[in-house]
1. Select from region 50-67 the residues that are in contact with a helix residue (DSSP H, G or I) (Cβ under 6 Å, 6 or more places away or on another chain) and within 12 Å of residue 15 (Cα to Cα) and list them in ascending order.
2. Please work out which one of (1) free of Cβ contacts under 8 Å to residues at least 40 places away in the same chain; (2) assigned by TED's automatic domain parsing to the domain that holds residue 282 is the condition residue 178 fails and give its number.
3. Answer yes if at least one residue in region 95-114 is modelled with pLDDT of 90 or more, closer than 19 Å to residue 168 by Cβ and under 17 Å from the mean Cα position of the chain (by Cα), and no otherwise.
């Protein structure tokens, strides 16, 4: 995935195959339409403009039109997509639902999870697990990095609080699959992590036993605020370079692009005069723990004695 925010999908763009055929259109032979799932299509122009997360939202809404049931609650990755939470690995090709008992069968496109009653809410007409429950479900069943990215996002967007996450984890039965990872994710969740790329980087740092950085540390000089750095180890600063940092305004021209890049260079020059070192990395490095380890080691950031135990001190709270 990339670090750009998800494009919102409007379910009004769904096209039922039966309705299209009644209007004299055969979608299978019409290049203007893309099949989302059996019986549901959308305009190709719309589909081509969607991020992977928004495409999963489209799949969820399509499933709701074809599998209506009062007992169906969208959960796990499906709920995460509807909440706008990021995901590090690929989005699944099935739709996650929480069901009350085993009598409701899974299918090739619906993956059921039998579990205890969950607090729910309604998002864009669909019943989903509340944000805190969604984070914990994702943390239990996805990668550690995806769980942390979802938790950081939920706190940053004020979809839930740290106390809400604690309560959801504490409510799990001892021995529940993924419980240990979910506890770790909840303990490390931090609203100051400003992007999925930063969450991924922190997940890798934790797994590698690297020193815990401070997040979002401001630096100033005589001219005023230079900026807020992503990571800080006592004056050695680290920055994750996502696309947002270098985003050119819509309809921007080459002159505007040059201005954005030059402004970032001047900022970095000022910052280097105030810190003892600056290390940068991008998605390709962050996703590969070995590459990130080597990049940080070049600047003296190496695994520490005691591993990642120190990461659990001074946990920030989000109200």
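The values are calculated or read from the model by the stated rules, or taken from the named source; none is laboratory data. Just so it is clear, the structure is predicted and the values come from calculations on it, not from any experiment. Virtual Cβ from ideal backbone geometry, glycine too; neighbours counted across all protein chains shown.
1. Within region 50-67, the subset in contact with a helix residue (DSSP H, G or I) (Cβ under 6 Å, 6 or more places away or on another chain) is 53, 56-57, 60-61.
Within region 50-67, just 61 meets the criteria.
2. (2)
3. Yes, region 95-114 has at least one match.
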